[in-house]
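Visitor: Could you have a look at this structure, given as structure tokens, before my questions?
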Amino acid sequence: MTTCPVALHRSLDLSSADNDAGFRQFVQQAFQAPLLSAAEEQELAIRFRQFNDLDAAHKLVHAYLRLVLKIAREYGNYHLHLPDLVQEGTVGLMHAVKKFDPGLGNRLSSYAVWWIRAAIHEFILNSWRMVKIATTQLKRQLFFKLRQAKDSSLPLNWEDAEELAKKFGTDVATILEMDGRMLGADTSLNQTILEDEGEIIDLIPDHRPDQEQAVMAGEQQVRIRTLLRQGLNLLNPREQLIITQRFLTDQQSTLDVLASRLSISRERVRQIEKRALDKLKAFFVTIPDGRDLLAETV
């Protein structure tokens, strides 16, 4: 559930909406709340904004619960419980009351509509599929636009997708991708393939190394480090420095940096590096599987 202003949440009890009878009572109370004139709304908003008057905020929220109910009913075709939509929309209304600035001269209803819809949209997107169906702002917008624009639950054809792409300012591929996501249903990985044939999850390969492979990999790394130390001992100090700094440290040095450090030319560093690598290769090829081990180091 969307985070709401704590103080406002305490001033409005939504727990009665948890069952049908409670929700009917909630709706009845919402429509019994008095409508506010512009002057009354202005006064209450100022009291809350300047003096943190929670009673004023409480009256503002209750006065516009009927607006939440009206907007929530517009999303009935998403097959979600109306009380849940109303509750999320009410959270959006609470945010609107908290952020409403009466000094701008607008009515709270005009400002609150955006917050109410945003809260309901977020709830629908999070509840629609176990896997998120809309991962970008464009796709979030397309989700609701396509739901409103489509005449049936059948997949879009190319011509209809072209028309909608022009209407919504995007491309056909995006329209078709979003339509396919909306039509696709979640499938449990524990769903049985055929009788006595196991579950879908059994078909997914496990690429994690098993215990034996992990032990072998660890032993191989130890062997590589041991052989590398032996190979480095065959190099002179300058060759050791260049190979270490060029290949065996987290922050590898460039030829220019080493040239400056050793007071030699960049080309000379490159030549020493090549000579040192040739020595290491000559050492490793004398060892079984040495070429493969060398490829993992330098």
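Any read-out appearing in this document is the output of simple, stated calculations on the displayed coordinates, not a laboratory observation. The shown structure was predicted, so the numbers you read here are calculated from the model rather than taken from an experiment. Here Cβ is always computed from backbone atoms with ideal geometry, including for glycine, and neighbour counts include all displayed protein chains.
Visitor: Show me 229-237, 41-49 ranked by packing, highest mean number of other Cβ atoms within 10 Å first.
Guide: Peptide ranking by packing, descending: 41-49, 229-237.
Visitor: Can you check what the net charge comes to around Arg49, using other residues whose Cβ is under 10 Å from the Cβ of Arg49 (Lys, Arg +1; Asp, Glu -1)?
Guide: With Lys, Arg at +1 and Asp, Glu at -1, the net is +1.
Visitor: Tell me, how many Å apart are the Cα centres for region 79-107 and for region 113-127?
Guide: If you average the Cα positions of each part, the centres end up 10 Å apart.
Visitor: Next up: What is the sum of charges, Lys and Arg at +1 and Asp and Glu at -1, for the other residues whose Cβ falls under 11 Å from the Cβ of Asp171?
Guide: So the surrounding residues net to -1.
Visitor: For each of Ser253, Ser110, Ser127, count neighbouring Cβ atoms within 10 Å of the residue's Cβ, then give the residues from fewest to most.
Guide: Ser110, Ser127, Ser253
Visitor: Give the order of Phe26, Phe51 when sorted by the count of other beta carbons within 10 angstrom, beginning with the fewest.
Guide: Phe51, Phe26
Visitor: Kindly put Lys281, Lys167 in sequence by how many other C-beta atoms sit within 10 Å of each C-beta, fewest to most.
Guide: Lys167, Lys281
Visitor: Can you tell which of Ala118, Gln25, Ala38 lies farthest toward the positive end of the dipole of region 6-128, using +1 and -1 charges on the Cβ of basic and acidic side chains (Lys, Arg; Asp, Glu)?
Guide: Farthest towards the positive end: Ala38.
Visitor: Provide the net charge surrounding Ser253, with neighbours chosen by a C-beta distance below 13 Å and charges set as Lys +1, Arg +1, Asp -1, Glu -1.
Guide: Every neighbour counted, the sum reads +1.
Visitor: Further question on the same structure: Label Leu82 and Phe247 with points 7 Å out from Cα along Cα→Cβ: what is the distance between them in nm?
Guide: Distance between label points: 7.3 nm.
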